[in-house]
Amino acid sequence: MRFYEYESKALFAKHRMPLPKSRLAHSAAEARAAAEMIGLPVVLKSQVLSGGRMKAGAVKFADTAAEAAKHFDTILPIKVNGQEASVTWDGRRKLPVLLFSDMGGIDIEEVAHKHPDHLSKTHFSTLLPLTPRIAKEAIAATGVGGNALTRLTPIVFELMQVFLDFDLTLAEINPLARLEDGRFVVLDGHVDMEAEARGRHAKLLEELGIGEDETRQARPPTAFEIAGRKVNEADHRGVAGNVVEFDGDLGLVIGAGGGSLTLFDAVRKHGGRPANYCEIGGNPSVSKACELTKLILAKPGVKKIAVMMNVVSNTRVDIVARGVVKGCIEAGRKPSEAIAIFRIPGAWEGEGFKILTKYGVEYCDRKVSMYEAAGRAVAKLAKAGA
């Protein structure tokens, strides 16, 4: 779950990081008033969930309050797509990693490629006490020393502390600005929180004005994604969550943790176009599987769905089968035509396969790999469209 810049700065303020004066403006008039209150000159920045604002022209500099108001109207319709310090999660090492660069800028990847001596990378343990020494050594590795090193160390250390305290997957400051008197201020911030941590930090999210129904990524949630979350929350039994919308024609009811990512990639590898990503498991109820199926089938452009999981032990195959079939029928679709493939081997699979046989749904057991099952689904969809 991603924070807007102004929310990230509010979080940084709780850790007493040095921040410039700022105001959130919802209109040109508010932008004018904010500029007069803060003091000129000012910078106007679009509040979006993706990067690349400068490249898109969504960052403007104003020397007068009137110019700030004018820039607001210029920035508002722009659609943005997609010295620095950041802490993120290294999936391979299973450790948080601190990145620090004394160059900063828009493309840190380019800095890493062209100027590797200006970028340090330091992994640190979540089990051992966090100390400023880690931050100091990471900063010094880029050649920063003296007074600058002394002033930067507590800022970067607090960034690391924020990352751990609030279960973040990314905490970034870019850029850190150095003033004429040698002090540093945080000009921009980016924060991503682990979605599963929302409950533990409900008070913080409430203070920041982040609603319970907001499922943020690098963009605001779509109506389809919000509906998917409601399906999951309506029934405590099992999981049918992390629903993400894509522009494809094959709906996916997939699960098994990392297996769902494997299945999504397998569909694409076979040339398929997923209409969505989701995760189902933990022995969901018939109604939950049914509602998820109906939601996906109702998505414009979806021609068929593929129901696939790894071998399951904590999920009953017959319950998922019953729910998916019920969802097809309630959506006005024949299960045999709507379901391209059903590949969920495991607990109660015999009963599940009997249900699928009754409705003429093609299924396969564990002898067929997940990759092959994904290929069958893509091929069946292509054949139907031929």
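Number of residues in the stretch 239-270 that are assigned to a loop (DSSP other than H, G, I, E, B) and crowded, with 24+ Cβ neighbours inside 10 Å: the value is 0.
Only one entry of V302, V244, V307 meets the criterion of being within 19 Å of I344 (Cβ to Cβ) and among the aliphatic types (A, V, I, L, M), and that entry is V307.
Within the stretch 25-37, residues that are within 13 Å of Q47 (Cβ to Cβ) have Cβ atoms under 7 Å from residues that are among the hydroxyl-bearing types (S, T, Y) and in a loop (DSSP other than H, G, I, E, B) in no pair, counting only partners at least 6 apart in sequence or on another chain.
Out of everything in the stretch 169-203 that is under 16 Å from the mean Cα position of the chain (by Cα) and over 23 Å from P18 (Cα atoms), what residue ends up being surrounded by the fewest Cβ atoms within 10 Å (Cβ to Cβ)? It comes out as E196.
Here is the figure for the stretch 287-308: residues that are crowded, with 22+ Cβ neighbours inside 10 Å and either at pLDDT below 95 or among the small types (G, A, S) (or both) total 2.
Residue check, E206 against (1) assigned to a helix (DSSP H, G or I); (2) open to solvent by less than 40 Å² (accessible area, probe 1.4 Å), all met but one. Which one? Among (1) assigned to a helix (DSSP H, G or I); (2) open to solvent by less than 40 Å² (accessible area, probe 1.4 Å), the lone unmet condition for E206 is (2).
The residues in the stretch 48-100 that are at pLDDT 90 or above, of a type outside the set (A, V, I, L, M, F, W, C) and open to solvent by 50 Å² or more (accessible area, probe 1.4 Å) can be counted, and the count is 7.
Exactly one condition in (1) open to solvent by 20 Å² or more (accessible area, probe 1.4 Å); (2) in contact with a Phe, Trp or Tyr (Cβ under 7 Å, 6 or more places away or on another chain); (3) not aliphatic (A, V, I, L, M) is not met by F166; state its number. In the conditions (1) open to solvent by 20 Å² or more (accessible area, probe 1.4 Å); (2) in contact with a Phe, Trp or Tyr (Cβ under 7 Å, 6 or more places away or on another chain); (3) not aliphatic (A, V, I, L, M), F166 misses (2) alone.
Looking across the stretch 327-371, the residues that are of a type in the set (V, I, T) and either in contact with an Asp or Glu (Cβ under 7 Å, 6 or more places away or on another chain) or open to solvent by less than 50 Å² (accessible area, probe 1.4 Å) (or both) come down to I339, I341, I344, I355, V361, V368.
Return yes when T222 is under 19 Å from the mean Cα position of the chain (by Cα), among the β-branched types (V, I, T) and open to solvent by less than 40 Å² (accessible area, probe 1.4 Å) and no when it is not.
On the way: under 19 Å from the mean Cα position of the chain (by Cα): yes; among the β-branched types (V, I, T): yes; open to solvent by less than 40 Å² (accessible area, probe 1.4 Å): yes.
The answer is yes for T222.
Identify, please: which residue in the stretch 28-47 is touching a Leu at 6+ places or on another chain (Cβ under 9 Å) and not in a helix (DSSP H, G or I) and is, among those, surrounded by the most Cβ atoms within 10 Å (Cβ to Cβ)? Full working, then the answer.
Of all residues in the stretch 28-47, those touching a Leu at 6+ places or on another chain (Cβ under 9 Å) come to 28, 30-31, 34-35, 43, 46-47.
Then drop every residue that is not not in a helix (DSSP H, G or I), which leaves 43, 46-47.
Numbers: V43: 16, S46: 19, Q47: 15.
Here the residue is S46.
The values are calculated or read from the model by the stated rules, or taken from the named source; none is laboratory data. These figures come from a predicted structure and were not determined experimentally. Note: ideal-geometry Cβ built from the backbone for every residue, glycine included; neighbour counts use all protein chains shown. With ligands, DNA and RNA removed, areas are computed over all heavy atoms of the protein, side chains included. Shrake-Rupley method; radii C 1.70, N 1.55, O 1.52, S 1.80 Å.
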